[in-house]
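Every number here is computed from the coordinates shown, using simple stated rules; none is lab data. If you're wondering where the values come from, they're calculated on a predicted model, not measured in any experiment. Here the Cβ positions follow ideal geometry from the backbone for every residue, glycine too, while neighbour counts run over all protein chains shown.
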Ligand SMILES: Cc1cc2nc3c(=O)[nH]c(=O)nc-3n(C[C@H](O)[C@H](O)[C@H](O)COP(=O)(O)OP(=O)(O)OC[C@H]3O[C@@H](n4cnc5c(N)ncnc54)[C@H](O)[C@@H]3O)c2cc1C
């Protein structure tokens, strides 16, 4: 099957009987539910872009093994050119959603492309798991499926050592084996895009602190989202069913986050990639380098987000007539710096990419991963800058109904500025508000703080991969100078 269109994605989603719960009710059709339909439409628009003949060349590639046309985010990069082409494609998707859908399908596509290329790693547990991985990659790539993923076990208590108490009864584990597969039970967070996905992937970086060598908690597998016993519990929707004028981002890009309950779910053997082997599970992201590939996808998302915030900030100062004032220039300069740092790290990750032991062109991990750590504090600061630049204008927000209502004349007379009509000003500041003040905007801040794990874990990970001896040797040699 060639790449999907948006309509094909929506039709498949509609037909899928995934058990999705929102506001106390089971959602019967996510494609028309007011809290979810906007996000589904946004994902559909990505598929439309990919299958648009005008963009096909830059959004797809020909599979060397089968001759099939596949979405470019599924490519297993073998050259620097592959990596750059893939990123250009991902940046197009990210710009389509203004960087507001961090879990757009490319996130998981690059993960499984990397794992298919390094499938022998999974075969170290059991040889058949390597074949499972290759077959599964081919299945999702050829059917152009959307994946969600849930990595984190819920916990009842916290230990200062950071060790997970996996015996509390909440963590996902295998409760028995059958000839058909493994039966799993427990709960996982946080499946962003869960209700809008075709498949769910389950793996975990968090058994890293687990001490046993073999464990029923050590798992990597994938399932259709409508598998029996799987339940997705959504938070409330941030799509408040307002117009694009009133709620420009929330009405379009609600990707939804959900808790996933697994009630005695059967995972067929051919969908299992790791089972029981703690060391293999813990090593997956670093040894296959999937973390570097998803970080590279994150670079594109971050750059698109920086461009949006910077562009909005520039228009805000232009509209308010303060772009020449020092405090505004100072803040704009800071936004430019974040934007250029993202671009520089992204390009460094590509320029310093190397073929890994699997023959995959791997983005240089340090600059790619640095963007994740940087964005944990940079994005909240960028949002703060919009608040500082916007001040009361972020509250001078008549709704679309007001713009044509009885006070339309007053609005036009008093809210216009020297450089903007009242309508353009209000429209722009609705966007600035949706980035910096709305519940949708605040969720984006939370996302950037935590989507790639908590800050301490990220800091440790970055420090662990940095070649420390280079710098300590330099200091030692300075200290040794006469
Ligand atoms: C919007 C959003 C979307 C997400 N999407 C996904 C997704 O699609 N898939 C997925 O798998 N995950 C997703 N995540 C989950 C993400 O992986 C986790 O939030 C992240 O790993 C942090 O784990 P946690 O939330 O359990 O935080 P916690 O472990 O509860 O940490 C909370 C805070 O407490 C601190 N802390 C933790 N333990 C200790 C301790 N022992 N002592 C002192 N301080 C401590 C942490 O440093 C942190 O600051 C998402 C998260 C968010 C917010």
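For region 273-295 versus region 55-90, the inter-centroid distance based on Cα atoms is 23 Å.
Helix 106-117 and the long axis of the chain differ in direction by around 20°, with both axes built from C-alpha atoms. Computed over region 6-286, relative contact order equals 23 percent, with contacts defined as Cα pairs under 8 Å that lie 6+ residues apart. Put simply, when 268-275, 326-333, 403-410 are sorted by average Cβ atoms within 10 angstrom per residue, most first, you get 268-275, 326-333, 403-410.
Ranked for footprinting exposure by Cβ neighbours inside 10 Å, fewest first, 437, 114, 234, 299 give 437, 234, 114, 299.
The base-10 log of I(q)/I(0) for the chain, evaluated at q = 0.10 Å⁻¹, reads -0.79 [Debye formula, identical scatterers on Cα atoms, solvent excluded].
The angle between the Cα long axis of helix 127-143 and the longest principal axis of the Cα atoms of the chain comes to about 30 degrees, rounded to the nearest 10.
For region 289-479, averaging the sequence separation of C-alpha pairs within contact (under 8 Å, six or more residues apart) and dividing by the residue count gives a relative contact order of 25 percent. A crude spin-label estimate for the pair residue 65 and residue 177, with each label 7 Å from Cα along the Cβ direction, gives 2.7 nm.
Taken as Cα centroids, region 241-258 and region 211-232 sit 31 Å apart, rounded to the nearest whole angstrom. To the nearest ten degrees, helix 468-479 and the longest principal axis of the Cα atoms of the chain are 70 degrees apart.
Taking every DSSP beta bridge with both residues inside the chain, roughly what % is antiparallel (nearest 5)?
On the way: 35 of 41 bridges.
About 85 percent, rounded to the nearest 5.
Across region 15-119 the C-alpha pair distances fall into 10 Å bins from zero in the proportions 14, 39, 29, 15, 3 percent.
Stretching the chain fully between residue 235 and residue 165 yields a gain of 22.7 nm (0.36 nm per residue, less the alpha carbon separation).
Legend: P(r) of region 230-382 from all alpha carbon pair distances, 5 Å bins from 0, whole percents, reading 2, 8, 11, 12, 13, 15, 14, 11, 7, 4, 2, 1, 0.
How high is the FRET efficiency from residue 462 to residue 55, r the C-beta distance, R0 45 Å, rounded to 0.05? That pair, residue 462 with residue 55, gives E of 0.80.
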